[in-house]
């Protein structure tokens, strides 16, 4: 006998059925996929991505979604954490019969997270990791060539070469991960999204707040991403993995204890204990947010350096990389001016309220 | 009372990296029943070798730790008031890590 969140007593077999059927309904009602799509499953070896890989490949078979599925793992270069969890994904590749592609920060950006942390210390690690992660598929030649080179020089050179030589050069270019991908699927669950809503409210980041509850994001960018577990509680996922005896890796990233998200997580967990529905309700509130039309929102353009989507002149990944390569680890972190330690205090009396209102969206830092 | 305790989701790291513990627990003095509340207190004293705050908060498990008694969610059997019997299997799984 097991629990579902809404005080429904069900047996194990019914739990599997209900769980799988709910995910199927979320996929169908939100039209997450089209037949024939090549879909990358973001796989870290953790509980959410393991269950995602298992359930998605099962539903793909059972309901004939017609998807070409594979596992995509990112090696951020975190010793004692990522190297172990990647072993789990390699086992998943065998267990679920899904081919695996691994992409590393070292190859793409020239920096591992361990290198980055050595340079910047133990604060703001997640900022670097999160930004670099999101651009991993979208812009393979990120760190190597300027936009001009990519768009003009390289194609011209390639015009004059035999295709066999081109293929050989492309394979050599470590940055050119030739992943043909139509969509990326991740295992973000209801708890994660509720935490993100809370984080964005606490930071005053209304641009992110308006996007973070969407079940599909990045449709106007290189690769759309979707989250079939948006309404699925973390607890259900863990129960499913436990009873189905799915193989997953369960250690916290060694750099995460210092992350701000930890506070949001504690709070959400305490709330869940008092009123389990609170998690779905927070997501609903996030979805229902409306922003006044008089508010200035950042506009989405493209990065001058690499062409990725960006609301600033340079995208965040370029800014961070530039900072790392120039030995200026604070570049792109915290407020653009002031005493440089992310401090929010103002020296002039009475200017605080005005300053907060005129601050650019998403730039309140702690 | 003989019980089998299982720790998962990273909690095993708090008990010398041993996932399964077969234990023998004495009933509390004035009583002839053992509740989950008694068991938790026993576990904290005898099995948790480091960072007890990752396992418990106050009298109960830390929010984010799932508890199963004989494969049944303890929320169905009364949480801390759940009574235990000989040869029961209790599983503690932490959900507090990356996915």
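The values are calculated or read from the model by the stated rules, or taken from the named source; none is laboratory data. Just so you know, these numbers come straight off a predicted model, no measurement behind them. Heads up, the Cβs are rebuilt from the backbone with ideal geometry, glycines too, and the neighbour counts pull from every protein chain shown.
In the condition set (1) modelled with pLDDT of 95 or more; (2) more than 23 Å from residue A:47 (Cα to Cα), residue B:59 is compliant with all but (1). Return yes when residue A:204 is at pLDDT below 90, closer than 29 Å to residue A:78 by Cα and away from chain B (no Cβ under 11 Å) and no when it is not. So residue A:204 does not fit the description; no.
For the stretch A:111-122, a tally of residues being surrounded by 17 or more Cβ atoms within 10 Å (Cβ to Cβ) and either part of a helix (DSSP H, G or I) or modelled with pLDDT under 85 (or both) returns 5.
I need the full set of residues from the stretch A:300-325 which are in a loop (DSSP other than H, G, I, E, B) and in contact with a helix residue (DSSP H, G or I) (Cβ under 8 Å, 6 or more places away or on another chain), in order please. Residues satisfying the conditions are A:303, A:304, A:305, A:306, A:307, A:308, A:311, A:312, A:314. Against the conditions (1) in a helix (DSSP H, G or I); (2) buried (at least 21 other Cβ atoms within 10 Å of the Cβ); (3) at pLDDT 85 or above, residue A:108 satisfies every one except (3). The residues of the stretch B:55-71 that are more than 13 Å from chain A (Cβ to nearest Cβ) and not in a loop (DSSP other than H, G, I, E, B) amount to a single one, B:56. With the structure loaded, tell me whether residue B:76 is modelled with pLDDT of 95 or more and touching a strand residue (DSSP E or B) at 6+ places or on another chain (Cβ under 9 Å) or whether it fails that test. No: the conditions fail for residue B:76. For residue A:89, state whether it is within 14 Å of chain B (Cβ to nearest Cβ) and either surrounded by 19 or more Cβ atoms within 10 Å (Cβ to Cβ) or without any contact (Cβ under 8 Å) to a residue 40 or more places away in the chain (or both). Yes. Looking only at the stretch A:253-272, count how many residues are facing chain B (nearest Cβ under 7 Å) and surrounded by fewer than 16 Cβ atoms within 10 Å (Cβ to Cβ). The qualifying residues number 1.
Rundown of residues vs (1) within 21 Å of residue A:245 (Cβ to Cβ); (2) away from chain A (no Cβ under 14 Å); (3) crowded, with 19+ Cβ neighbours inside 10 Å, yes/no style:
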site: B:4; (1), (2), (3): yes, yes, no
site: B:23; (1), (2), (3): no, yes, no
site: B:40; (1), (2), (3): no, yes, yes
site: B:50; (1), (2), (3): no, yes, no
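Set side by side, the residues A:306, A:315 differ, and just one is surrounded by 14 or more Cβ atoms within 10 Å (Cβ to Cβ), in contact (Cβ under 8 Å) with a residue 60 or more places away in the chain, touching a strand residue (DSSP E or B) at 6+ places or on another chain (Cβ under 8 Å) and more than 14 Å from chain B (Cβ to nearest Cβ), which is A:315. Residues of the stretch A:20-43 include none that is part of a helix (DSSP H, G or I), farther than 23 Å from residue A:276 by Cα, within 14 Å of chain B (Cβ to nearest Cβ) and free of Cβ contacts under 8 Å to residues at least 60 places away in the same chain.
Does at least one position in the stretch B:29-44 carry a residue that is farther than 14 Å from residue B:10 by Cα and assigned to a strand (DSSP E or B)? Yes, the stretch B:29-44 contains a residue that is farther than 14 Å from residue B:10 by Cα and assigned to a strand (DSSP E or B). Taking the stretch B:6-21 as the range and being without any contact (Cβ under 8 Å) to a residue 24 or more places away in the chain, within 14 Å of another protein chain (Cβ to nearest Cβ) and touching a helix residue (DSSP H, G or I) at 6+ places or on another chain (Cβ under 7 Å) as the test, only B:19 passes. The set of residues in the stretch B:72-99 being more than 11 Å from the chain's Cα centre (by Cα), closer than 20 Å to residue B:24 by Cα and within 13 Å of chain A (Cβ to nearest Cβ) consists of B:82 alone.
Only residues that are closer than 16 Å to residue A:203 by Cα and in a helix (DSSP H, G or I) were counted across the stretch A:286-299, and they come to 1.
For the stretch A:279-303, the set of residues classified as farther than 30 Å from residue A:108 by Cβ and either surrounded by 18 or more Cβ atoms within 10 Å (Cβ to Cβ) or within 12 Å of another protein chain (Cβ to nearest Cβ) (or both) consists of A:279, A:282, A:283, A:286, listed by residue number.
Of the residues A:263, A:243, A:267, the single one that is farther than 22 Å from residue A:52 by Cβ and more than 20 Å from the chain's Cα centre (by Cα) is A:267.
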